[in-house]
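Below: one structure, written as structure tokens.
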Amino acid sequence: MTAALIDITPPVSAKTPMFPGDTVFEATRSWAIGADCPVNVSRLVMSTHTGTHADAPLHYDAHGAAIDEVDVSSYIGPCAVVHLLDQAPAVSATALAAALDEIHAVAPERVLIRTYHRLPERWDPDFTAIGADAIDWLAARGCGLIGVDTPSLDPSTSKSMDAHNAVNRADMRILEGLRLDHVTPGIYELIAPPLKLQGLDAAPVRALLRTIKS
């Protein structure tokens, strides 16, 4: 079977749901093709956490590494995709272990978790979070990256950021805002390097999965 690419990045536009108070995406045309101009050029205004993005340690640790300092190899390589629907308020270690066991991926290097039946088009304050126990369980098995189809690992109202802090303790990496509702559970190759934005707390990602040849 020939390997295929699966795009797991929703499009970015002014309709992209954002945390309340965060910067809404805006694009304007700076230059336009016309009699005196041979090209189109646009200007973007957006949050570093718009759509599919990679959190840098700096996002949840005042002394953490910025996104341009993070090893890009963390975002490229084998990964397991699991479905954990109807797990609100948070995915537990027990549920995650069972889902990974179903696809024979007990100790994956990277894990992407689908929680939505269908990715919402509007801001959802009640999205499913990831329990800190699930992060600790993954870290104990050598997992280096966790990805989710929600805006955050932690609940939208969290002040303690338990899941992010668990990631920080284990020096794992985070992808958020993925679109996984068209991806079958299984083992894939992840290709999702973030933009090299110097000194910043996160960066947009064009995330892809490559099916494994068999």
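Only the coordinates and a few stated rules stand behind these numbers; no lab work does. What you are looking at is a predicted structure, and each value in this text was computed from that prediction instead of being measured. Note that we place each Cβ from the backbone using ideal geometry, even for glycine, and neighbour counts take in every protein chain shown.
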Starting with the highest mean, order 10-22, 153-165 by the number of other Cβ atoms within 10 Å, averaged over the residues of each peptide. 153-165, 10-22
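What do you get when you divide the Cα radius of gyration of segment 70-114 by 2.2 N^0.38 Å, with N the number of residues?
On the way: Rg = 11.7 Å, N = 45, 2.2 N^0.38 = 9.3 Å.
Relative to the 2.2 N^0.38 Å estimate, segment 70-114 comes out at 1.25.
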Whole-Hz couplings from phi, Karplus 6.51/-1.76/1.60, listed for segment 97-107; x for Gly and Pro: 4, 5, 5, 5, 5, 5, 9, 6, 10, 5, 10
Which of the peptides 107-113, 50-56 is most tightly packed, and how do the rest follow, judged by the mean count of other Cβ atoms within 10 Å per residue? 50-56, 107-113
For segment 125-136, in residue order, the Karplus 3J(HN,Hα) values (coefficients 6.51, -1.76, 1.60; θ = phi - 60°; whole Hz; Gly and Pro = x) are x, 10, 4, 6, 8, 10, x, 4, 5, 5, 5, 4
Over all directions, how big on average is the projection of the convex hull of the alpha-carbon atoms in the chain, in square nanometres? 13.5
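So what's the back-of-envelope 222 nm ellipticity for the chain, counting only DSSP H runs of four-plus at -39500 (n - 2.57) apiece and dividing by all residues, rounded to 500?
The helix contribution divided over the chain gives -3500 deg cm²/dmol.
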Using θ = phi - 60° and Karplus 6.51 cos²θ - 1.76 cosθ + 1.60, couplings along segment 169-181 (whole Hz; Gly, Pro as x): 4, 8, 6, 8, 10, 10, 10, 10, x, 6, 10, 10, 6
Under 8 Å for C-alpha pairs, at least 6 residues apart: give me the relative contact order for segment 133-174, rounded to a whole percent. 55
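Would you tally the net charge around Thr48, using a Cβ to Cβ cut-off of less than 14 Å, leaving Thr48 out, and scoring K and R as +1, D and E as -1? Mind dumping the intermediate values first?
On the way: positive: Lys196; negative: Asp22, Asp55, Asp68, Glu176, Asp201.
That works out to -4.
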